[in-house]
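Here the structure comes first, spelled out in structure tokens, and everything after it is commentary.
The values are calculated or read from the model by the stated rules, or taken from the named source; none is laboratory data. Please read these numbers as outputs of a predicted model, since none were measured by experiment. Methodologically, a virtual Cβ is constructed for each residue, glycine included, from the backbone with ideal geometry; neighbour enumeration extends over all protein chains shown.
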């Protein structure tokens, strides 16, 4: 399989990993859209939300439960945004399920107004 996230998970490609456990690897996005931009990726290769089956419930649970841990490690637990992009039209670039955790410093009010729009 020629998946860049699988290669990162298998430590074939170096990256700045900020959290990992038996189910998840979280690392800094190389094209950040916020001062803190972390990708939370399951070790199991699933192409996207559209490819999840009922047998993958644990995958989604592990991704979501990792978010507050990562946020605390990144000192952004008081406020952050979580997002999934699904398919090319939805902005997904890598065909491996992942969730974005984005956060801005507390004192960066201008960036928050511009970047953190409610969905």
Legend entry - Extreme residue, surrounded by the most Cβ atoms within 10 Å (Cβ to Cβ), among residues of the range 45-57 that are assigned to a helix (DSSP H, G or I) and out of contact with any strand residue (DSSP E or B) (no Cβ under 9 Å at 6 or more places or on another chain): 49
Inset, instruction - Check whether at least one residue in the range 13-34 is at pLDDT below 95, out of contact with any helix residue (DSSP H, G or I) (no Cβ under 6 Å at 6 or more places or on another chain) and more than 22 Å from residue 102 (Cβ to Cβ), and report yes or no. - result: yes
Inset, instruction - Inspect the range 37-44 for any residue being closer than 19 Å to residue 93 by Cα and assigned to a loop (DSSP other than H, G, I, E, B) and give the result as yes or no. - result: yes
Inset, instruction - Filter the range 59-96 down to residues that are touching a residue at least 40 places away in the same chain (Cβ under 8 Å) and assigned to a loop (DSSP other than H, G, I, E, B), then give me how many there are. - result: 7
Legend entry - Residues of the range 18-36 satisfying the condition of being within 13 Å of residue 59 (Cβ to Cβ) and either part of a strand (DSSP E or B) or touching a strand residue (DSSP E or B) at 6+ places or on another chain (Cβ under 8 Å) (or both): 23, 24, 25
Legend entry - Search result, residues across the range 58-81 that are exposed (fewer than 15 other Cβ atoms within 10 Å of the Cβ) and farther than 12 Å from residue 24 by Cα: 68, 72, 73, 75, 77, 78, 79
Legend entry - Hits in the range 97-108 - residues which are under 19 Å from residue 17 (Cβ atoms) and assigned to a loop (DSSP other than H, G, I, E, B): 97, 98
